[in-house]
Amino acid sequence: MMKLYGYWRSSASYRVRIALALKGVEAEHIAVNLREGEQKGGAHISRNAQGFVPVLELEDGTQLTQSLAIMDYLDATFREPALMPADAVLRSKILAASLTIASDISPIQNLSVLNYIKAEHGQDGEGAKKWAAHWITQGFTALEKTAQTYDTPYFMTHEPRFFECCLVPQTYNARRFGVDMDQFPKLKEIDALCCEHPAFIKAAPGNQADATP
Ligand SMILES: N[C@@H](CCC(=O)N[C@@H](CS)C(=O)NCC(=O)O)C(=O)O
């Protein structure tokens, strides 16, 4: 069986858990405790030199990193249901929206970035939380505008797909950082629909074996 090295509250791990669950593919979940710094230990650095989760280890021992690249691998390997549409324009738009989250929003509120802001720029927990909320709000404002231009139940699609694997974990983080999701009615509606879906329920942070109160 494949192994997913992740952490219950890591949004990048959460993306991959959703993709696996949507595809109905099982993987053994192995916790890397970010709060205890296990991601920077030798065992994990040998899996991912960046010291990040997730890492997906295939049955032959090949280790894949970067959540969107892992989702792309899963989509190419386990075809149904497809996470990306066949239409090249739609695919590009969905990838762009997904990258808005994975490349533009999420990295600036990563654990190591928040710890750096606290240590090097004299911010306390509240300051770091405000920083995270600011960048999430900026990114979600742009995504909400785009989402409003489509009258599909999900983001440009009729089923939850690639983008929703990114949106739901980012919305979970937004709430943790105190962002008011009422500012983003379409994103909030998509998130609510997803949160009733069995794959998203299975992947939810609180339903992971390493979750703590
Ligand atoms: N671009 C990477 C980001 C991975 C990432 O930032 N993972 C976070 C958890 S969501 C992490 O491992 N953080 C550990 C740290 O910052 O020390 C991906 O999408 O996989």
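The values are calculated or read from the model by the stated rules, or taken from the named source; none is laboratory data. This one's a predicted model, so the numbers in the text were calculated from it and none came from an experiment. In this analysis, Cβ positions are derived from the backbone assuming ideal geometry, glycine residues included, and neighbour counts consider all displayed protein chains.
Tabulated results
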| quantity | calculated |
| --- | --- |
| Filter result (surrounded by fewer than 12 Cβ atoms within 10 Å (Cβ to Cβ) and in a helix (DSSP H, G or I)) within region 193-206 | 198, 206 |
| All strands (runs of 3 or more DSSP E) inside region 1-96 with 2 or more residues being in contact (Cβ under 8 Å) with a residue 24 or more places away in the chain | 2-6, 27-31, 55-57 |
| Only one of 112, 98 that is modelled with pLDDT under 95 and out of contact with any Asp or Glu (no Cβ under 7 Å at 6 or more places or on another chain) | 112 |
| Number of the condition not met by residue 128 [criteria: (1) hydrophobic (A, V, I, L, M, F, W, C); (2) in contact with a strand residue (DSSP E or B) (Cβ under 8 Å, 6 or more places away or on another chain); (3) free of Cβ contacts under 8 Å to residues at least 24 places away in the same chain] | (2) |
| Checking residue 35 against (1) of a type outside the set (Phe, Trp, Tyr); (2) more than 30 Å from residue 187 (Cβ to Cβ); (3) within 15 Å of the ligand (Cβ to nearest atom), the condition it does not meet | (2) |
| Lone qualifier among 192, 142, 174, 147 - being in contact (Cβ under 8 Å) with a residue 40 or more places away in the chain and more than 20 Å from residue 92 (Cα to Cα) | 174 |
| Meets criteria (more than 16 Å from the ligand (Cβ to nearest atom), within 24 Å of residue 20 (Cβ to Cβ) and at pLDDT 95 or above) for residue 140 | no |
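Each row is one residue, and each column tells you yes or no for (1) modelled with pLDDT of 95 or more; (2) touching a Leu at 6+ places or on another chain (Cβ under 9 Å); (3) within 12 Å of the ligand (Cβ to nearest atom).
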residue: 7; (1), (2), (3): yes, yes, yes
residue: 28; (1), (2), (3): yes, yes, no
residue: 53; (1), (2), (3): yes, yes, yes
residue: 56; (1), (2), (3): yes, yes, yes
residue: 61; (1), (2), (3): yes, no, no
residue: 70; (1), (2), (3): yes, yes, yes
residue: 75; (1), (2), (3): yes, yes, no
